[in-house]
Amino acid sequence: MQQLWPPNGSRSDLSAAELEQLYGYPEELSKPWVQVNFVASADGAVTVADRSEGLSHPADKHIFGLGRALCDVVLVGAGTVIAENYRGARVSAERIEARKRRGQAEIPPIAVVTARCTIEPDSALFTDAKVPPIILTTEGAPRARREALADAGAEVIIAGPLTVELTTALAELDRRGLRRVNCEGGPHLFGGLVSEDLVDQLCLTVAPLLAGGGAGRIAEGRETLVPRKLALASILHEDGLTMFRYRRR
């Protein structure tokens with residue numbers, strides 16, 4: 001057995017600087033580096049009553065916020081945006097100053113993967129945001145819907161003919177200097193990233209709850225023929241929650 005850093009594993013015993021060091025992205029990236037952030041119950045459910053909020057906790061929300069504070073862009077699927085009523089990212093004044101020192105924009109944009117442009121232009125993603133979202137969509141999305149989202153302020157990017165090709169989407173983000181990618185789900189987007197071997201880090205919080213049957217798991221959709229091997233990088237705990245961090249081996 002190997003003792004992992006930090007020795008006692010308690011999140012509350014770590015300073016803000018130590019947590020940023022632990023969860024920070026690699027420096028001098030030459031291509032997109034994808035972190036995926038999820039919370040699940042002890043029996044593997046990804047939602048309670050169709051939302052992740054029922055699994056969450058202040059400790060998990062702190063890690064969630066840290067992911068946004070350190071990334072260049074938040075990547076999320078349209079289903080999650082709609083189900084969770086997404087709004088624009090929020091970053092504290094202290095973290096904005098830290099982002100400036102790292103050469104990042106003050107607030108990361110939300111990039112939404114949506115093959116048919118199903119996001120409404122009057123949703124909170126537009127009306128309650130300090131920076132406009134990025135829409136990663138397809139040639140097959142209705143032109144009127146693409147134009148409506150663009151008129152509402154979004155940058156609309158075509159990343160495939162009928163489905164969003166994730167390698168193309170990440171390449172488009174890379175072209176805009178958005179290499180530190182923080183993916184917040186949902187399960188089908190995560191499943192696609194796993195299938196194409198695009199996941200560099202998984203931050204998984206396990207809540208001390210048994211949700212029972214009915215809910216899905218954190219990865220759905222496309223089959224992955226060869227499992228992707230990960231290395232355990234850190235374990236934190238607080239109030240019964242366990243926060244695992246795995247990196248690509």
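One table, with the values for the structure above:
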read-out	value
In the range 162-199, residue farthest from Asp72 (Cα to Cα) [restricted to those that are polar (S, T, N, Q) and touching a Lys or Arg at 6+ places or on another chain (Cβ under 7 Å)]	Ser195
Options Val226, Val206: the member that is more than 20 Å from Val81 (Cα to Cα), of a type in the set (A, V, I, L, M), open to solvent by 30 Å² or more (accessible area, probe 1.4 Å) and assigned to a loop (DSSP other than H, G, I, E, B)	Val226
Selection status of Leu210, more than 11 Å from the chain's Cα centre (by Cα) and farther than 21 Å from Met243 by Cα	no
Pairs where the first residue, in the range 207-223, is closer than 14 Å to Asp50 by Cβ and the second is of a type in the set (S, T, N, Q), C-beta under 7 Å, 6+ apart	Ala211/Ser41; Ala215/Thr47
Members of the range 24-53 that are open to solvent by 60 Å² or more (accessible area, probe 1.4 Å) and either acidic (Asp, Glu) or out of contact with any helix residue (DSSP H, G or I) (no Cβ under 7 Å at 6 or more places or on another chain) (or both)	Glu27, Glu28, Ser30, Ala42, Asp43, Ala49, Asp50, Glu53
Top-ranked residue of the range 130-174 - restricted to ones that are touching a Cys at 6+ places or on another chain (Cβ under 7 Å) and farther than 18 Å from Tyr86 by Cβ, ranked as least open to solvent (accessible area, probe 1.4 Å)	Ala141
Among the residues listed as Val34, Val46, the single one being part of a strand (DSSP E or B) and under 17 Å from Phe190 (Cα atoms)	Val34
Failed item in (1) open to solvent by less than 40 Å² (accessible area, probe 1.4 Å); (2) in a helix (DSSP H, G or I), with His188 passing the rest	(1)
Every residue from the range 70-87 that is charged (D, E, K, R) and either at pLDDT 95 or above or assigned to a helix (DSSP H, G or I) (or both)	Asp72, Arg87
Residue in the range 95-104 that is of a type in the set (Val, Ile, Thr) and surrounded by 19 or more Cβ atoms within 10 Å (Cβ to Cβ) present	no
Only one of Leu189, Leu162 that is out of contact with any His (no Cβ under 9 Å at 6 or more places or on another chain) and closer than 21 Å to Arg68 by Cα	Leu189
Tabulated pairs, the range 234-249, first more than 21 Å from Leu198 (Cα to Cα), second open to solvent by 60 Å² or more (accessible area, probe 1.4 Å) and assigned to a loop (DSSP other than H, G, I, E, B), C-beta under 7 angstrom, 6+ apart or interchain	Gly240/Pro208; Leu241/Pro208
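The values are calculated or read from the model by the stated rules, or taken from the named source; none is laboratory data. Given the structure is predicted, the values throughout are model-derived calculations rather than measurements. For neighbour counting, all protein chains shown are included, and Cβ atoms are generated from backbone atoms with ideal geometry for every residue, glycine included. When the accessible area is computed, the model is the full protein with side chains, heavy atoms only, and any ligands, DNA or RNA have been set aside. Shrake-Rupley method; radii C 1.70, N 1.55, O 1.52, S 1.80 Å.
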